[in-house]
Amino acid sequence: MGMVEEAFRGIWPDREIKYDFSIKYSGKFKGYNANVKMAGGKIMFSLSRNWKQISKDIKIGLLQELLARLFNEKITTPNIDLYHIFLKKVHIAVPKTKTEPMLEESFGRVNEKFFAGIIEQPNLKWNNSSTKLGSYDYGSDTITISSMLKNADSEMIDYVMYHEILHKKHKFSSKNGRLHYHTREFRSSEKSFPNSAVIEEKLKHLKPARSQAKKKFRFFKFF
């Protein structure tokens with residue numbers, strides 16, 4: 001029995017398998033990201049090449065997580081729990097090779113002021129997103145900030161940086177087969193940033209389109 005079939009049986013032991021499964025390791029993913037697609041009777045998994053060296057039990061947890069999302073079912077298994085533990089710890093081993101001077105300065109200010117300097121600096125980079133001002137990727141331990149903020153006040157950059165560091169610190173929780181990133185603890189910590197409501201109003205004006213201007217800026221959602 002193949003690994004995907006084993007993952008499937010670990011969730012639905014009595015359900016008939018009516019699909020052809022395939023797994024492809026791809027270099028287009030950063031960190032430990034992955035996705036799954038279904039077309040007709042085929043279910044195709046694409047995994048970052050980094051997954052090749054990871055233990056089978058953890059990979060089965062990843063496949064089960066993707067299957068649960070694909071079929072929109074709330075599922076928890078021992079393998080999924082193992083996968084979540086891995087995801088929360090993987091940042092320790094990720095090389096820290098990317099940085100940008102302005103982002104490094106912002107990270108340093110925020111880290112010292114709100115976290116007593118104890119948060120390890122992740123990879124830091126800009127991107128050209130016009131719809132998402134900040135994101136944190138667990139698999140590559142990377143905070144990415146939109147280049148729209150390059151000419152913004154340092155307070156605005158620091159606010160977005162603070163939000164992303166909170167993701168690094170608090171990770172996520174799992175409940176009823178769903179991952180939750182903006183937990184109660186996260187929201188409580190988020191309120192500690194001074195003048196957050198005023199800063200969010202300023203950030204809205206960075207949006208390039210009127211339809212987006214009314215939205216609060218969005219943050220990273222895994223997968």
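For this structure, a couple of remarks:
- Verdict on Phe29 being within 19 Å of Ile80 (Cβ to Cβ) and surrounded by 11 or more Cβ atoms within 10 Å (Cβ to Cβ): no
- Restricting the first member to the range 31-42 and to residues that are at positive phi, and the second to residues that are part of a strand (DSSP E or B), the beta-carbon pairs closer than 6 Å and six or more apart or on different chains are Gly31/Asp137.
- For beta carbons closer than 8 Å, sequence separation of 6+ or different chains, a first residue in the range 137-158 that is over 20 Å from Lys202 (Cα atoms) and a second that is hydroxyl-bearing (Ser, Thr, Tyr) and at pLDDT below 90, the qualifying pairs are Tyr138/Tyr32; Gly139/Tyr32; Ser140/Tyr32.
- Wholly enclosed strands (runs of 3 or more DSSP E) of the range 1-115 bearing at least 3 residues among the polar types (S, T, N, Q): none
- Hey, Asn72 outside the structural domain of Ile165 (by TED's automatic domain parsing) and out of contact with any Gly (no Cβ under 7 Å at 6 or more places or on another chain) or not: yes
The values are calculated or read from the model by the stated rules, or taken from the named source; none is laboratory data. Keep in mind that this is a model prediction, so the values were computed, not measured. Cβ atoms come from the backbone with ideal geometry, glycine included; neighbour counts cover every protein chain shown.
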